[in-house]
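Any read-out appearing in this document is the output of simple, stated calculations on the displayed coordinates, not a laboratory observation. If you're wondering where the values come from, they're calculated on a predicted model, not measured in any experiment. Please note: Cβ atoms are built from the backbone with ideal geometry, for glycine as well, and neighbour counts cover all protein chains shown.
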Amino acid sequence: AAACAAIAVLFVAIGIWYSWRPESEANDEFVAAIRNGEFIPYYQPVMDIETKRVRGCEVLMRWRRPNGMIVSPGQFMAYAEANGHIFDMTRHMMRVASDEVGALYGEHPDFKLSINLFAGHFLDREIVADIKNTFENSEISYQQIVVEVTERYPLEDMELARKIMAELQALGVRIALDDVGTGHGGMAYLQKLGVDIIKIDKMFIDSISSDDNSTTIVDSMVELADNLGMGIIAEGVEEEEQIDRLMELGVTAAQGYYFARPMPAKEFIEFAERVEDE
Ligand code: C2E
Ligand code: CA
Ligand code: CA
Ligand code: CA
C-alpha cells in the first residue's frame, strides 16, 4: 500500500510538473524578452486637423522579437498586466521614449507625449516615482506628458486613483480618459477624476459619417468637454469624410491611419520634421 501511495504521489508530482513547466518556461521567455529590451515604443502622431500640424503622439508598445517580427499589444498586454510585468515594461518604454524623442520634444515644447497606463498603475504610487525618475532630467518636460487611462476596465480604488492623478497633475502632467463611451467609468470618471482630456473611441468615429446617432453622441461629447473645460481627441480616423465631420463638430485633434500608423522613433521624427517644415 505504501508503494502504491508512493507511486501515486510520484505520478501526481510528474503531472503537476508537466502542467506547470510550459507556463513557467513561457514566463521565463517573457522575462528574458523584457531584459533584452524587446518591448519598445512605437509612436502614432496626433494631428491638429485644422492646421494639419503635429500636436504630438501616442506611445504604443510593441514587442520586437529578435527575428525582427513586430508583435502588437493585443498579443501580450493582457498577460503582461496579469503577471505584473507591465510595470517594468512601462518603465523601460518611457525611458526609451525619453531617449529617442527627447531632442525632438526639446525643439517643440508644444508637442505632447501620451503614455498608456493600465488600471493597476493607479493602485500604487510607484508610477508617480517612475514618471519623475524618467522625465525630471529628460528633454521632455512634465507639461508635455499626457497619461492615458482607459475606462474599459474599472479602477478598483477610485480614491487612490484620484490622488495619484492629482500628484501627476501637480507636476504638470495631464490626464486623458481613453476609450470614452465604451466602458465602466463614463460620467462618474469624468466627475471624480478631474480628467483633462477625453479621447473619443474609434467605434464612434467609424460611423460618424454614416450614422446620425454617432454624430449626436460625438456632438454631445464635444459639448461636455467644452463645458467641463477639457480637451478632446478623436481616435481611429481613417477617412477624409470623418475629418470633415469632426471639423463641423468642432473637434480639432485627431489620430488615425488617415494621418499615420504607429511607427518607430526614427520615422516619427522624420514625419514630425517634414510636417513642421511645410
Ligand atoms: P488604445 O490606447 O486605444 O490605442 C489605440 C489603438 O488603435 C492602437 O492599437 C493603434 O495602433 C490603433 N489605431 C490608431 N489609429 C487607428 C486607425 O485609424 N485604425 C485602426 N484600425 N486602428 C487604429 P495598438 O497599438 O495595437 O494598441 C492596442 C491597445 O493596447 C491600446 O489601445 C492600449 O489599450 C493597449 N496598449 C498599447 N500600448 C500600451 C502600453 O504601453 N501600456 C498599456 N497599459 N497598454 C497599451
Ligand atoms: Ca490610448
Ligand atoms: Ca525636464
Ligand atoms: Ca483608445
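Laid out as a table, the results:
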{"item": "Cα-Cα P(r), segment 59-131, percent of pairs per 5 Å interval", "result": "3, 13, 22, 23, 18, 13, 6, 1"}
{"item": "Order of GLU81, GLU23 under a 10 Å beta carbon neighbour criterion, fewest first", "result": "GLU23, GLU81"}
{"item": "Using alpha-carbon coordinates, inclination of helix 158-171 to the longest axis of the chain, degrees", "result": "60 degrees"}
{"item": "Between segment 151-177 and segment 62-92, the Cα center-to-center distance that results, in Å", "result": "23 Å"}
{"item": "Nearest-ten-degree value, helix 86-107 long axis tilted from longest Cα axis of the chain", "result": "30 degrees"}
{"item": "Selected from PRO154, PRO264, PRO66 as most flexible by GNM, with the chain as the system and alpha-carbon contacts under 10 Å", "result": "PRO66"}
{"item": "Spin-label model distance (nm) - ASN227 vs CYS4, 7 Å beyond Cα toward Cβ", "result": "7.6 nm"}
{"item": "Proportion of all alpha-carbon pairs of the chain beyond 28 Å (%)", "result": "42 percent"}
{"item": "Convex hull per residue volume in Å³, alpha carbons only, for segment 1-50", "result": "89 Å³"}
{"item": "Order of GLU58, GLU167 under a 10 Å beta carbon neighbour criterion, fewest first", "result": "GLU167, GLU58"}
{"item": "For the chain, size of Cβ-based charge dipole, Lys and Arg +1, Asp and Glu -1, in debye", "result": "1080 debye"}
{"item": "Computed over segment 8-111, Kirkwood Rh from alpha-carbon pairs, angstrom", "result": "16.3 Å"}
{"item": "Value of relative contact order over the chain, rounded to a whole percent, pairs C-alpha under 8 Å and six or more apart", "result": "19 percent"}
{"item": "Residue among ASN116, ASN213, ASN67 with the largest mean-square fluctuation in a Gaussian network model of the chain, springs linking Cα atoms under 10 Å", "result": "ASN67"}
{"item": "Gaussian network model of the chain, Cα within-10 Å springs - most flexible of GLU156, GLU25, GLU136", "result": "GLU25"}
{"item": "Angle in degrees between helix 2-35 and the longest Cα principal axis of the chain, rounded to the nearest 10", "result": "30 degrees"}
{"item": "Assigned charges on the beta-carbon of Lys, Arg, Asp, Glu; segment 1-138 dipole about Cα centre (debye)", "result": "160 debye"}
{"item": "Of LYS52/LYS132; LYS52/LYS163; LYS132/LYS199; LYS112/LYS163; LYS192/LYS266, those spanning more than 28 Å from alpha-carbon to alpha-carbon", "result": "LYS52/LYS132; LYS52/LYS163; LYS192/LYS266"}
{"item": "Exposure proxy ranking, count of Cβ atoms within 10 Å, fewest first, for VAL195, VAL31", "result": "VAL31, VAL195"}
{"item": "Sequence-distant residues sharing a close amide H with GLY231 (under 5 Å, placed H)", "result": "ILE197, ILE198"}
{"item": "Solution diffusion estimate, µm²/s, Stokes-Einstein, segment 155-236, Kirkwood Rh from C-alpha pairs, 4 °C, viscosity 1.567 mPa s", "result": "97 µm²/s"}
